[in-house]
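Novice: Below are the structure tokens for one structure; questions will follow.
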């Protein structure tokens with residue numbers, strides 16, 4: 001038998017071409033990731049400076065309207081942009097095309113400045129799938145730690161009360177955060193109740209009044225003790241019943257008819273305790289509220305009180321909700337909203353379907369108090385304008401695209417000193433099996449004994 005040296009089979013031209021296409025895909029993807037880093041920098045600056053706050057609920061809503069992103073994707077872009085503001089190493093790796101946006105998006109769910117460097121090594125070494133699996137495992141450990149902390153708090157909650165030598169009762173409590181918030185809120189409400197009781201007493205306050213700063217005046221702690229007693233008395237009197245969590249409170253606004261018709265006209269616009277409310281706010285509230293007409297004589301005494309009526313009758317409201325299917329402000333679309341009179345009823349506008357539209361609370365305020373305008377066109381379509389009169393179109397046109405967008409992105413990256421080739425974003429993984437448990441054990445602060453600081457996501 002004749003043995004010759006190793007034989008090399010020439011690579012098929014088709015494979016060479018496919019390798020070239022693969023390298024071009026990898027290189028262009030890295031360029032796009034570098035451009036995405038610039039995009040996220042712009043979003044973060046735009047968000048921080050409130051550029052979206054011109055009638056939109058948030059930066060994500062603005063991105064939906066102006067850029068055409070789906071709401072979930074828009075919120076994720078804003079979240080990642082904010083997170084990278086405190087994670088410079090991850091931000092720089094994305095800007096150099098070394099990390100993909102998918103990896104950065106996953107890592108920012110758990111990254112903090114303290115552990116950023118080790119997570120960057122994870123991103124550079126593993127694939128996007130590896131990163132996602134490690135992040136999921138990391139968050140499971142975080143949830144476990146959080147559950148353990150919650151259980152520890154629950155186990156150590158306590159209330160102790162006993163009599164001191166002088167007969168005073170001493171109460172000590174260690175409560176879970178939510179329970180403590182309820183107690184604090186109840187004591188705060190008792191303060192308001194005591195204030196109203198003193199204010200409305202027909203024969204003056206039952207207890208002596210003190211000047212501020214006088215030594216006889218009760219200290220804050222003494223006042224709080226009085227309020228706590230009032231909370232206990234009220235609970236015993238009315239029964240220990242927390243009531244329905246959906247119970248609602250009514251806010252009453254007193255506004256003169258002249259003020260509703262003209263915000264600059266003299267007259268009152270106050271809530272029940274006498275606090276001033278801007279006339280524009282009263283006009284907004286009157287758009288969709290219960291209305292009671294009260295007539296006064298020249299001395300201010302009430303001479304007649306009409307029946308309470310709804311500004312928008314229930315049947316008309318159902319028709320309005322069915323037609324509009326949520327807020328009609330461009331770029332919003334929230335399912336729940338308030339009825340808005342396009343021409344206010346105080347100005348003679350009819351309460352009819354053609355004169356009504358649905359607006360969410362935020363955009364109802366924008367129309368009444370921030371100068372935005374809405375009118376119905378002869379064809380039935382709505383026309384919204386900014387305070388300066390600029391038209392707000394339902395769907396804005398996208399900006400023009402360069403003839404060679406890929407070349408433009410590559411040239412921009414080169415001008416910024418970013419060198420990108422087909423190997424830039426290639427991970428260091430050599431095919432070995434990923435042990436997620438081991439990775440979490442050596443990376444997670446709970447395993448290394450470091451202090452846990454949860455990321456803001």
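Novice: State whether the residues of region 373-393 include one that is modelled with pLDDT under 85 and at negative phi.
Specialist: The answer is yes, given that some residue of region 373-393 is modelled with pLDDT under 85 and at negative phi.
Novice: Follow-up question, since we're still on this one. I'm told residue 350 meets every condition in (1) closer than 17 Å to residue 290 by Cα; (2) outside any loop (DSSP other than H, G, I, E, B) except one. Can you identify the failing condition by its number?
Specialist: (2)
Novice: Return the residue satisfying two criteria in turn: it lies in region 385-442 and is part of a loop (DSSP other than H, G, I, E, B) and touching a strand residue (DSSP E or B) at 6+ places or on another chain (Cβ under 9 Å), and of such residues it is surrounded by the fewest Cβ atoms within 10 Å (Cβ to Cβ).
Specialist: Once the filter is applied, the top-ranked residue is 389.
Novice: Scan region 288-304 and report the pairs whose first residue is under 28 Å from residue 363 (Cβ atoms) and whose second residue is in a strand (DSSP E or B) and at pLDDT below 70, with Cβ atoms within less than 9 Å and a gap of 6+ or a chain change.
Specialist: That search, which allows pairs on different chains as well, returns 290/309; 291/309; 292/309.
Novice: Looking at residue 366, is it modelled with pLDDT of 90 or more, assigned to a helix (DSSP H, G or I) and not assigned by TED's automatic domain parsing to the domain that holds residue 74?
Specialist: So residue 366 does not fit the description; no.
Novice: Give me the residue from region 335-347 that is touching a helix residue (DSSP H, G or I) at 6+ places or on another chain (Cβ under 8 Å) and part of a loop (DSSP other than H, G, I, E, B) and, out of that set, nearest to residue 382 (Cα to Cα).
Specialist: It comes out as 342.
Novice: Could you say whether any residue in region 67-83 is touching a residue at least 40 places away in the same chain (Cβ under 8 Å), buried (at least 22 other Cβ atoms within 10 Å of the Cβ) and under 25 Å from residue 441 (Cα atoms)?
Specialist: Yes, region 67-83 has at least one match.
Each row is one residue, and each column tells you yes or no for (1) modelled with pLDDT of 75 or more; (2) touching a strand residue (DSSP E or B) at 6+ places or on another chain (Cβ under 9 Å).
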position: 171; (1), (2): yes, yes
position: 177; (1), (2): no, no
position: 186; (1), (2): yes, no
position: 198; (1), (2): no, no
position: 202; (1), (2): no, no
position: 208; (1), (2): no, no
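The values are calculated or read from the model by the stated rules, or taken from the named source; none is laboratory data. Remember, predicted model here, so these are calculated numbers, not experimental data. A quick note on method: Cβ atoms are made from the backbone with ideal geometry, for glycine too, and the neighbour counts reach across all protein chains shown.
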